[in-house]
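K.L.:
Please read through the structure below; I'll follow up with questions.
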Amino acid sequence: MKDYAVGSVNFSPAFVGLSLAVSMTSAATFVINPGLIAMYGWSGVLSFGLFFPLATLVSLVVLTKSFRKYGQSVKAISLAQWIGTRYNSKVYLLFMGLLSILLITFIVLILVAITKVLSKGIAADEIWVLAAVVVFVFGYMMFGGANSLVYTNSIQAIVMLLVAVILLGSGYEHLKDGVDEFWKSLASINPLLTKNVNAESPLFRDFFEIAFTQTVVGIAVVIQPHIITKSLFLKKENDVNRFLLTAILAEILFFSVVIVGLYARLTFPELQVDGVALNTDDIIPSYVIQIFNQGWFSVIVGLVVILGLLSAGFSTLEGLIQSLSTSWTTDIIKPIFGRFIPNEQSYFRINKGMVVLLAFVSFLMAWNQLINPKLSVAILAQNGVYAYFSVAFVPVIMGIFTNVNNWKLPFSASMVALITHFGIYYILPWLIKTSGLYLGWATPYLQGEVRNPAIASSMAISLSSLVGLVLYLREARKIKKYQLSNEFS
């Protein structure tokens, strides 16, 4: 199980860095987020292409080194195990293991994105494509684990780097007359597409949503099992800097791809193809088919781009399958049923069963997203993933930067984050709708069918961090008082 989770091979730090980059990027960066930017314009570029990446990359550097040092010393193979071991609490370990179920929503996003790209490329029924993808990817991830993951991710990363360059260059026709003309063309479709904020958007209405929430979320997004545990693949401490440099350089290019959403809007000004309205998640796959279908060379390039979009999905999907199945096996099954399980080999067989269960649940949820689309599958994914790392943020930060051992302190902050996130996203909107509750400036963020999960997450992280800080200072004061009392005695 340890080999499956963190590998038994002495990996090159560059390979692990590329594996981290593609795990962080996912189909959201290449397919889903550019679709939202095609809908709402430059405000989305600022949110997904500037504030979020900047916060994420800084957080990655700061947290990775510290997390790795403690992760190595306790031999943790999952984030839940890291937290449980750090605070010597089986309750906390089980709590975080159960909460990792929320990350299924991210798997669903990636499955939907891959299905959209493939079904457009080969003109096949989406449900059959989804079924084939689930069987294929979950099937091979039952066996390979981390050892195969790093190498497949590295190959995918090379393809994605090439495709990122191709996609960024695909807007040449729109940019050849200069940025001013490019801007005027966007403004002629809708002036809001060129504004720093878009009041008609449910995600980019003001700088609170664009800058503050995305910065907070960007800092905390690193605290996901398939991201922060990647540094544990390295066997040598002096490999960490090369690992981070490789990941950051690749990530800068990958995050830039969201600009393609603006190219797509100029290609489909009315967001229609042959008179049929495009769903948000269909925009980028349709753009690729439209741009790269003229002449044999263009078609070959188009196939490479489709391969890159699929790689963006498969890379993160593999990481999620590997980390989630590992967490369920070691953090849920082992603590509860460990006394009935005879040996280590049994856990590996159980892990395969967890992959099958994960495949079944993910297929049903992705199928529902395909037949009942809303604004974007991104809303579902963000709600689940953001809730998870909002809860994990304080225990990881407190575990890295303080010597607190009392698990009840970070656990209290985690509960505050969980209640705050889902309370803001579900309960407050329901109260506003049913009882006319008015919450001043916050009310508009909590209304409408589509709400921004980053609002709930940033508030959950901020409030839980405040609670964690207050509890930490109180604990530190008690310890100091106790020490002074002993010295006096």
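Where a number appears in this text, it was derived from the coordinates with a stated rule and is not lab data. It should be emphasised that the depicted structure is a prediction, and the values quoted were computed from it without experimental measurement. Cβ: placed from backbone, ideal geometry, glycine included. Neighbour counts: every protein chain shown.
K.L.:
Treat each spin label as a single point 7 Å out from the Cα along the C-beta direction, and report the ASN403 to LEU253 distance in nm.
P.N.:
Each label point lies 7 Å from its Cα, and together they span 4.5 nm.
K.L.:
Then there is this: Going by how many other beta carbons lie within 10 Å of each one, how would you line up MET415, MET24, fewest first?
P.N.:
Details: MET415 14, MET24 27.
Ordered from fewest to most neighbouring Cβ atoms within 10 Å, MET415, MET24 come out as MET415, MET24.
K.L.:
Taking other Cβ within 10 Å of each residue's Cβ, how do PHE348, PHE340, PHE389 sort, fewest first?
P.N.:
Details: PHE348 16, PHE340 8, PHE389 26.
Ascending number of Cβ neighbours within 10 Å: PHE340, PHE348, PHE389.
K.L.:
Further question on the same structure: Determine, for ARG86, ARG349, the number of other Cβ atoms within 10 Å of each Cβ, and report the residues in order from fewest to most.
P.N.:
Values: ARG86 24, ARG349 10.
Lowest to highest Cβ neighbour count: ARG349, ARG86.
K.L.:
Could you tell me whether the range 404-483 comes out rounded, prolate or oblate from its Cα gyration tensor? Rule is a ≥ b ≥ c as square roots of the eigenvalues, rounded for a/c under 1.5, then prolate if a/b exceeds b/c, otherwise oblate. Can you show the working numbers first?
P.N.:
Numbers: a/c = 3.54, a/b = 3.05, b/c = 1.16.
Judged from the Cα gyration tensor, the range 404-483 comes out prolate (a/c at least 1.5, a/b above b/c).
K.L.:
Assuming R0 = 41 Å, can you tell me the calculated FRET efficiency for the pair ALA199 and GLU344, based on Cβ-Cβ distance, to the nearest 0.05? Show your work: numbers first, answer last.
P.N.:
On the way: r = 57 Å, r/R0 = 1.39.
Calculated value: 0.10.
K.L.:
Which residue, SER315, TRP183, ILE419, has the largest displacement toward the positive end of the dipole of the chain when charges sit on each Cβ (Lys, Arg +1; Asp, Glu -1)?
P.N.:
Checking the options against the dipole of the chain, the answer is ILE419.
K.L.:
Round to a whole angstrom and tell me the spacing of the C-alpha centers of the range 107-135 and the range 242-272.
P.N.:
21 Å
K.L.:
If the label point is 7 Å along Cα→Cβ of VAL356, which residues in the range 301-328 have backbone nitrogen under 20 Å from it?
P.N.:
Within reach of a label on VAL356, which here means backbone N under 20 Å from a point 7 Å along Cα→Cβ, the range 301-328 contributes 321-328.
K.L.:
For n ≥ 4 DSSP H runs only, could you compute -39500 (n - 2.57) per run for the chain, divide by its residues and tell me the 222 nm figure to the nearest 500?
P.N.:
Details: 24 runs with 342 residues, N = 489.
My calculation for the chain gives -22500 deg cm²/dmol from helical runs alone.
K.L.:
While we're on this one: For GLN447 paired with GLN294, estimate the spin-label separation in nm (one decimal), with each label point 7 Å from Cα along the Cα-to-Cβ line.
P.N.:
4.5 nm
K.L.:
List the aspartates and glutamates whose Cα sits under 12 Å from the Cα of LYS90, skipping any in the same chain fewer than 8 residues away.
P.N.:
Of all the aspartates and glutamates, those that pass the test against LYS90 - Cα under 12 Å, at least 8 places apart if same chain - are ASP331.
K.L.:
Taking +1 at the Cβ of each Lys and Arg and -1 at the Cβ of each Asp and Glu, which of MET142, ALA264, ALA157 sits farthest along the dipole of the range 2-375 towards its positive end, judged by Cα position relative to the Cα centre?
P.N.:
It is MET142, whose Cα lies furthest towards the positive end.
K.L.:
So which lysines can LYS352 reach, going by Cα to Cα under 16 Å and dropping same-chain residues fewer than 8 places off?
P.N.:
Result set, ordered by chain and number: LYS2, LYS334.
K.L.:
While we're looking at this one, here's another question. Using only Cα atoms, tell me the angle between helix 90-99 and the longest principal axis of the chain; keep it within 0 to 90° and round to the nearest 10.
P.N.:
Roughly 10 degrees between the two axes.
K.L.:
Helix 179-189 versus the longest principal axis of the chain: what is the Cα-based angle in degrees, 0 to 90, to the nearest 10?
P.N.:
Compared with the principal axis, the helix lies near 80 degrees.
K.L.:
To continue, here is another question. Quick check for me: using +1 on Lys/Arg Cβ and -1 on Asp/Glu Cβ, what's the dipole size of the chain about its Cα centre, in debye to the nearest 20? Walk me through the numbers before you get to the answer.
P.N.:
Values: 31 positive and 23 negative charges, 416 e Å.
Dipole size: approximately 2000 debye.
K.L.:
Next question. Over the chain, how many percent of alpha carbon pairs lie in each 20 Å bin up to the one with the longest distance?
P.N.:
24, 56, 19, 2, 0
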